[in-house]
Amino acid sequence: MNTARYRRIVLKLSGEALSGQNGFGIEPRVIHSITSQIKEVAELGVEVAVVVGGGNIWRGKVGSEMGMDRANADYMGMLATVMNSLALQDSLENIGIPTRVQTSIEMRQVAEPYIRRKAIRHLEKKRVVIFAAGTGNPYFSTDTTAALRAAEIEADVILMAKNNVDGVYTDDPKVNVDAKKYDQVSYLEVLNEGLGVMDSTASSLCMDNDIDLLVFSITEEGNIKKAVMGENIGTIVRGK
Ligand code: UDP
């Protein structure tokens, strides 16, 4: 029986979530642990869209700090997200989950172009849709992509899977032992207090469109399912 709290989700994975210990590259074993968790929720009948970052391969900001043109460096970052998306697709299909990758930058030999109505149709047919190449625009992030796509496909929630932290804290818990975890917090607080959840463009977009966000740790196996079932893990960030 499907007792999931959410009908349609956007799962935001950082590029780092696909890498091994050193935070770089793509580690098939790690990807398998994530895609098995995605399979668990897809089999509940939940419609799953995935937005994956590219920070395990390249970040535009780093390139621009090395003297590159920022827009060019950002396009490289967007291409990195395509590589991660294909790795996720491969792993999901290996365990029997049908998928489609849609890219915001056209590369028809590799994946479908992003078409909102088509993405929704795939989701209705219970295919996992992986949104690649960010928003297609430099100066944005894949967090903003997750917010934008969640609004477009009318997702119930963004599940923001974090690597080494299990929610939103008053301060960096690795630095300040007195940092307290929020159960619930508003986007306004996130923006005003500068809480390290997502960048301010993404937070504003979520706030203005009243999109709920659940920040949780992906390091523990089974957490994606727990999040989808509405178990009390992580921190929920709300518009109001
Ligand atoms: N990026 C971009 N526009 C977008 C999304 C991503 O220019 O709409 C670029 C940007 O350079 C970014 C890189 O892609 O640094 C990788 O994305 P992100 O940093 O969000 O990945 P994550 O931190 O989630 O791994």
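Criterion applied to G45, G54, G96 was being within 16 Å of the ligand (Cβ to nearest atom) and either under 30 Å from G222 (Cα atoms) or not charged (D, E, K, R) (or both), and the one residue passing it is G54.
The number of residues in the stretch 61-97 being among the charged types (D, E, K, R) and under 22 Å from the mean Cα position of the chain (by Cα) comes to 4. Quickly run through the stretch 114-136 and pick out the residues that are on the phi > 0 side of the Ramachandran plot and surrounded by fewer than 23 Cβ atoms within 10 Å (Cβ to Cβ). Within the stretch 114-136, K126, G136 meet the criteria.
Checked against the criterion of being within 11 Å of the ligand (Cβ to nearest atom), aromatic (F, W, Y) and on the phi < 0 side of the Ramachandran plot, the candidates Y139, Y75 yield just one match: Y75.
Could you please give the count of residues in the stretch 62-75 that are exposed (fewer than 14 other Cβ atoms within 10 Å of the Cβ) and either of a type in the set (S, T, N, Q) or under 25 Å from E27 (Cβ atoms) (or both)? Qualifying residue count, the stretch 62-75: 2.
When K39 is tested against the conditions (1) near the ligand (Cβ under 8 Å from one of its atoms); (2) surrounded by fewer than 21 Cβ atoms within 10 Å (Cβ to Cβ); (3) basic (K, R); (4) closer than 19 Å to K162 by Cα, the lone failure is (1).
Any idea which of (1) more than 10 Å from the ligand (Cβ to nearest atom); (2) modelled with pLDDT of 95 or more; (3) surrounded by fewer than 17 Cβ atoms within 10 Å (Cβ to Cβ) is the one S85 doesn't satisfy? Single failed check for S85: (3).
Check whether at least one residue in the stretch 23-36 is touching a strand residue (DSSP E or B) at 6+ places or on another chain (Cβ under 6 Å) and under 26 Å from V215 (Cα atoms), and report yes or no. No, the stretch 23-36 contains no residue that is touching a strand residue (DSSP E or B) at 6+ places or on another chain (Cβ under 6 Å) and under 26 Å from V215 (Cα atoms).
The values are calculated or read from the model by the stated rules, or taken from the named source; none is laboratory data. Quantities reported herein were computed from a predicted structural model and do not represent experimental measurements. Cβ: placed from backbone, ideal geometry, glycine included. Neighbour counts: every protein chain shown.
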